[in-house]
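Participant: Below is a structure I'd like to ask you about.
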2 protein chains.
Amino acid sequence: MFSAPASHRRLAAVGTDLPPGTAPDGSRGQILSESLRLFAEQGYGAASIRDIASRVGIKGASLYSHYPSKAHVLAELVRIGHEEHFRRMRDALLAAQPDVHVQLAAVVRAHVCAHAEYPMLAVVSNSELHALPEEFAAPLLAIRRQSEMLMLDVIQRGVNLGVFKVPDIQLAMTAIGAMGLRVAHWYTPDSGKTPEQIADTYALFAARLLGVTA
Amino acid sequence: MFSAPASHRRLAAVGTDLPPGTAPDGSRGQILSESLRLFAEQGYGAASIRDIASRVGIKGASLYSHYPSKAHVLAELVRIGHEEHFRRMRDALLAAQPDVHVQLAAVVRAHVCAHAEYPMLAVVSNSELHALPEEFAAPLLAIRRQSEMLMLDVIQRGVNLGVFKVPDIQLAMTAIGAMGLRVAHWYTPDSGKTPEQIADTYALFAARLLGVTA
DNA sequence: AAAACAAGCTAACGTTCGCTAGCTTTCAAT
DNA sequence: ATTGAAAGCTAGCGAACGTTAGCTTGTTTT
């Protein structure tokens, strides 16, 4: 029961940014953007088609010219969120070969930055996936497992090399992952900290957590 | 997007335990218990009065003999969750005077154990509070702030004493808090790890994160 | 025995939900 | 000028929602 926004809101952020190039033009994009805000603030179940449409400036029925169902809108948002997260982690890792300390910092930084730069997308991707029927969720869970594997592999390699020392690799990964996840709930640009500054501090925390003493 | 249950469920646990002495006898207690399961698995908005009642073995209307509204049921669950969490943290801290390393371990252990032993209660307390109207949420947020303060004070004291070294105290607290929060989502007794074992490992992680090298 | 109460029931209210059918408007391409 | 697709609209369906009213039944208290 920690690190939530001061009010009873689900997250502190107010921007509905989507990664560049992921939102279609016109009404389709506006529907995605306004759905993102409402799903993040109220949850998928509590956000109605009519709510979304009225923010876009159209009627509820007109939304079905653009998406076949409410679930398709959520699935699209979660897909964008998971793909962006995975892409950032993978790219950061590829650019950080071959030192395992540098790799760890890169992957933690990418993880944290993704959650700080797109907090609404992260909250929806993480907290609303359960609302999707299984056939929608399955390919998204596959992406999630790939992202986990990226971090787990770095930790495993560090342990094999003897530079990381932990009682349990899985517990270390869930701990580091959780730190970054939670950023999406409390981060706001008003805090005076940039995502990069937070990411740097969390990368330090991750290294220390893994037994790196420097 | 880490450390979730393998499926698209919101949490891995299946037990609906409430802390001893917190659930009333009879139907009132059953309503609390079944509401806890449904709120945790599906979210407050997606769980209907009729769902809850049918699991208790009564009709939806009969539920109103015991609670004045659906929101009152949620508020009661969140109150129980927050009070149990705070009580454990405070008691652990009081029993751990005066060494700051011992205090840190105690407070982190209490935090983690509360989330592992009552995962459904923790998920509901943390993820569904936003569904309550503000007048219900305000006193619960006050408890939450007290719990945060307990951990923050320990960290602050350690930093003042020079035994903890971090770039940012607030970031350290959110990181440590987040690690424990997330346990509620993936923990299940089947894993072969006890809450105490996980808590011990996380206490080690927290100490390392704060720059303790031992 | 009578009265009061507790705890359940059926029926229904008004609202909102996701979604569909079918119509109008706009506007670019033929 | 005509056509045809795109994108909006109104109206409404059936279902589910939280909640209320009023009744029955069984137990406890007076």
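Participant: In the list B:Leu121, B:Leu77, B:Leu93, B:Leu129, which residue meets the criterion of being aliphatic (A, V, I, L, M) and farther than 22 Å from B:Pro24 by Cβ? Don't jump to the end; show me each part of the working.
Facilitator: On the way: B:Leu121 fails: farther than 22 Å from B:Pro24 by Cβ; B:Leu77 fails: farther than 22 Å from B:Pro24 by Cβ; B:Leu129 fails: farther than 22 Å from B:Pro24 by Cβ.
After ruling out the rest, the residue left standing is B:Leu93.
Participant: Across region B:97-125, what is the total count of residues that are aliphatic (A, V, I, L, M) and closer than 14 Å to B:Ala206 by Cβ?
Facilitator: Of the residues in region B:97-125, the ones aliphatic (A, V, I, L, M) are B:100, B:102, B:104-108, B:110, B:112, B:114, B:116, B:120-124.
Among the residues that remain, those that are also closer than 14 Å to B:Ala206 by Cβ are: B:100, B:102, B:104-108, B:110, B:112.
Number satisfying all stated conditions: 9.
Participant: Please list, ordered by residue number, the helices (runs of 4 or more DSSP H) wholly in region A:86-167 having 1 or more residues that are open to solvent by 10 Å² or more (accessible area, probe 1.4 Å) and in the same structural domain as A:Glu41 (by TED's automatic domain parsing). Break it down into steps so the answer makes sense when it comes.
Facilitator: On the way: elements: A:100-117, A:119-127, A:134-161.
Hits in region A:86-167: none.
Participant: Kindly evaluate B:Ala214 against the criterion of being open to solvent by 10 Å² or more (accessible area, probe 1.4 Å), part of a loop (DSSP other than H, G, I, E, B), outside the structural domain of B:Ser48 (by TED's automatic domain parsing) and among the hydrophobic types (A, V, I, L, M, F, W, C).
Facilitator: Working: open to solvent by 10 Å² or more (accessible area, probe 1.4 Å): yes; part of a loop (DSSP other than H, G, I, E, B): yes; outside the structural domain of B:Ser48 (by TED's automatic domain parsing): yes; among the hydrophobic types (A, V, I, L, M, F, W, C): yes.
Yes.
Participant: Continuing with the same structure: Taking the condition of being of a type in the set (Gly, Ala, Ser), within 14 Å of DNA strand D (Cβ to nearest atom) and in a helix (DSSP H, G or I), how many residues in region A:36-78 meet it?
Facilitator: Here the count works out to 6.
Participant: Something else about it: Out of B:Ser7, B:Ser35, B:Ser54, I need the residue that is outside the structural domain of B:Arg145 (by TED's automatic domain parsing) and touching a residue at least 40 places away in the same chain (Cβ under 8 Å). Which one? Can you show your working first?
Facilitator: Working: B:Ser7 fails: touching a residue at least 40 places away in the same chain (Cβ under 8 Å); B:Ser54 fails: touching a residue at least 40 places away in the same chain (Cβ under 8 Å).
Testing whether each residue is outside the structural domain of B:Arg145 (by TED's automatic domain parsing) and touching a residue at least 40 places away in the same chain (Cβ under 8 Å) leaves just B:Ser35.
Participant: Something else now. How about region B:173-203: which of its residues are in a helix (DSSP H, G or I), more than 7 Å from every other protein chain (Cβ to nearest Cβ) and more than 15 Å from the chain's Cα centre (by Cα)?
Facilitator: Taking region B:173-203 first, the residues in a helix (DSSP H, G or I) are B:173-186, B:189-191, B:195-203.
Next, only the ones that are more than 7 Å from every other protein chain (Cβ to nearest Cβ) stay: B:173, B:176, B:180, B:183-185, B:189-191, B:195-197, B:199-200, B:203.
Matches in region B:173-203: B:Met173, B:Pro189, B:Asp190, B:Ser191, B:Glu196, B:Gln197, B:Asp200, B:Ala203.
Participant: What about A:Ala40, is it of a type in the set (A, V, I, L, M), open to solvent by 20 Å² or more (accessible area, probe 1.4 Å) and under 24 Å from the mean Cα position of the chain (by Cα)? Show your work before the answer.
Facilitator: Details: of a type in the set (A, V, I, L, M): yes; open to solvent by 20 Å² or more (accessible area, probe 1.4 Å): no; under 24 Å from the mean Cα position of the chain (by Cα): yes.
When the stated conditions are applied, A:Ala40 does not pass them.
Participant: If a residue has to be without any contact (Cβ under 8 Å) to a residue 60 or more places away in the chain, of a type in the set (A, V, I, L, M) and away from chain A (no Cβ under 11 Å) to count, how many in region B:150-168 make the cut?
Facilitator: Just the residues of region B:150-168 that are without any contact (Cβ under 8 Å) to a residue 60 or more places away in the chain, to begin with: B:152-153, B:155-160, B:162, B:165-168.
Next, from what is left, pick out any that are of a type in the set (A, V, I, L, M): B:152, B:155, B:159, B:166.
Checking which are away from chain A (no Cβ under 11 Å) leaves us with B:155, B:159.
Residues in region B:150-168 being without any contact (Cβ under 8 Å) to a residue 60 or more places away in the chain, of a type in the set (A, V, I, L, M) and away from chain A (no Cβ under 11 Å): 2 in total.
Participant: Go through region B:61-84 and count every residue that is within 14 Å of DNA strand C (Cβ to nearest atom), under 24 Å from B:His130 (Cβ atoms), open to solvent by 10 Å² or more (accessible area, probe 1.4 Å) and not hydroxyl-bearing (Ser, Thr, Tyr).
Facilitator: The total comes to 2.
Participant: If you don't mind, there's one more thing I want to ask. Could you figure out which of (1) farther than 20 Å from B:Ala114 by Cα; (2) within 11 Å of chain A (Cβ to nearest Cβ); (3) not aromatic (Phe, Trp, Tyr) isn't true of B:Ala207?
Facilitator: (1)
The values are calculated or read from the model by the stated rules, or taken from the named source; none is laboratory data. Keep in mind that this is a model prediction, so the values were computed, not measured. Heads up, the Cβs are rebuilt from the backbone with ideal geometry, glycines too, and the neighbour counts pull from every protein chain shown. Only protein heavy atoms, including side chains, enter the accessible area calculation; ligands, DNA and RNA are left aside. Shrake-Rupley method; radii C 1.70, N 1.55, O 1.52, S 1.80 Å.
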